[in-house]
Amino acid sequence: MMHQTVSCPLCKSQANWWCKQTDWEYFTTEEYFNYFKCTHCELLFIGLPPVNQLSTIYPPSYYSFVAPDKSIVFKIKEYLDVRLFRKIIKNIPGDSLNILDIGGGGGWLLNNIKHTDKRIASTAIVDIDPQCADIAAQNGHTYYLSRIETFNTDRKFDLIVLLNLIEHVDNPQQIIQKIGTFLSPKGCVIIKTPNCESWDARLFKKYYWGGLHCPRHWNIFSKKSLHLLTGNSQLEISKLLYTQGAPFWTYSLLVLLKGNRLKKDKRPLINHPLFPFISACFAVFDFIRGAFVPTSQMFILLKHKRDH
Ligand SMILES: [Zn+2]
């Protein structure tokens, strides 16, 4: 057990050692990584992010590179997401809307939402996969082949989407500042990211918590740390909603139950035969408990600060 302390990258307060973990989901490395939790803002972060190992830790089998599956759980999730997006888009003023999906792959989300509102004039994607460029073009989206860290544009967007992206980057504050400059004055940013202040995070801390997505999630926020994240940008949080985190329960439980046996066949854990069943059960469980307690995924809406 380590009892090391480091300084929090977000608020510079003391952060205590939280756990030590390795890649239980894609088995891309044997290395163990230390995680720390800030005593002030609650940020949970990886000690040394493997910034030079991106091509190793994101293998070709990585789920966001492959086409989404059409299981019943996926279809329900898709239906709920589209319903949420339709509501958000309806509330953005203007006659013509431009949408940008950062990390949007071939455009599976944009395909679903671009016909939900007649005012949607253009849809664009920023992502790093060259194969997705062709798919996106076939689907009628503009594709910028770039990491968000190096991406720049003079265009303004009325809706900017970052689904499960901000937890993967080295300097999330910088990304939020940058996005603020791409957003039209009345526009809105929607972010989906894990919540480190959830039951399952506490419950599986000693074993493996799926929210770590080790070693690919570098900063896992809580409601408190999200307010600090937007602090220096032009943006502020206008709404925070919790949503189901069934995959995290599933990863956590499979590692707890199967342990070292999983390491032998090195099959991505998302392809485990029990995955669809366990995640369907926990999607229902989280849907019910979500009415009473914060679950392990958050949706955050950001808008320009009112004094700007
Ligand atoms: Zn902190």
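The values are calculated or read from the model by the stated rules, or taken from the named source; none is laboratory data. Here the structure is a predicted model, which means the values were calculated and not measured. Note that each Cβ is placed from the backbone with ideal geometry, even for glycine, and that neighbours are counted across all protein chains shown.
Let me spell it out: the conditions are (1) among the aromatic types (Phe, Trp, Tyr); (2) without any contact (Cβ under 8 Å) to a residue 60 or more places away in the chain; (3) surrounded by 16 or more Cβ atoms within 10 Å (Cβ to Cβ), and Tyr207 meets all of them except one. Which number is the exception?
(3)
Can you name the number of the only condition in (1) farther than 15 Å from Tyr143 by Cα; (2) small (Gly, Ala, Ser); (3) at pLDDT 90 or above that Ser71 fails?
(3)
Give the residue that is nearest to Leu257 (Cα to Cα), with candidates limited to residues of segment 271-304 that are exposed (fewer than 15 other Cβ atoms within 10 Å of the Cβ) and aromatic (Phe, Trp, Tyr).
Phe277
When segment 202-226 is examined, which residues are found to be within 16 Å of the ligand (Cβ to nearest atom) and in contact with a helix residue (DSSP H, G or I) (Cβ under 8 Å, 6 or more places away or on another chain)?
Result: Trp218, Asn219, Ile220, Phe221.
Could you check how many residues of segment 87-144 are over 27 Å from Leu54 (Cα atoms) and touching a helix residue (DSSP H, G or I) at 6+ places or on another chain (Cβ under 6 Å)?
Qualifying residue count for the region: 6.
Taking segment 252-308 as the region of interest, how many residues are charged (D, E, K, R), more than 16 Å from His213 (Cα to Cα) and part of a helix (DSSP H, G or I)?
So the answer is 6.
Does Lys192 satisfy being basic (Lys, Arg) and surrounded by 18 or more Cβ atoms within 10 Å (Cβ to Cβ)?
The answer is yes for Lys192.
Here's a check for you: in segment 1-34, which residue that is hydroxyl-bearing (Ser, Thr, Tyr) and more than 25 Å from Ser61 (Cα to Cα) is nearest to the ligand (Cβ to nearest atom)?
So the residue we want is Ser13.
Restricting the search to segment 257-300, which residues are within 23 Å of Leu163 (Cα to Cα) and of a type in the set (D, E, K, R)?
Once the filter is applied, which keeps residues that are within 23 Å of Leu163 (Cα to Cα) and of a type in the set (D, E, K, R), segment 257-300 yields Asp286, Arg289.
If you take just the helices (runs of 4 or more DSSP H) that sit entirely in segment 17-126, which of them hold at least 1 residues that are loosely packed, with under 14 Cβ neighbours inside 10 Å?
Correct list: 54-57, 72-90.
Pro185 fails exactly one of the following numbered conditions: (1) within 16 Å of the ligand (Cβ to nearest atom); (2) in a strand (DSSP E or B); (3) not polar (S, T, N, Q). What is the number of that condition?
(1)
Confirm whether Thr243 is more than 30 Å from Ile92 (Cβ to Cβ), among the polar types (S, T, N, Q) and touching a Ser or Thr at 6+ places or on another chain (Cβ under 7 Å).
No, not satisfied.
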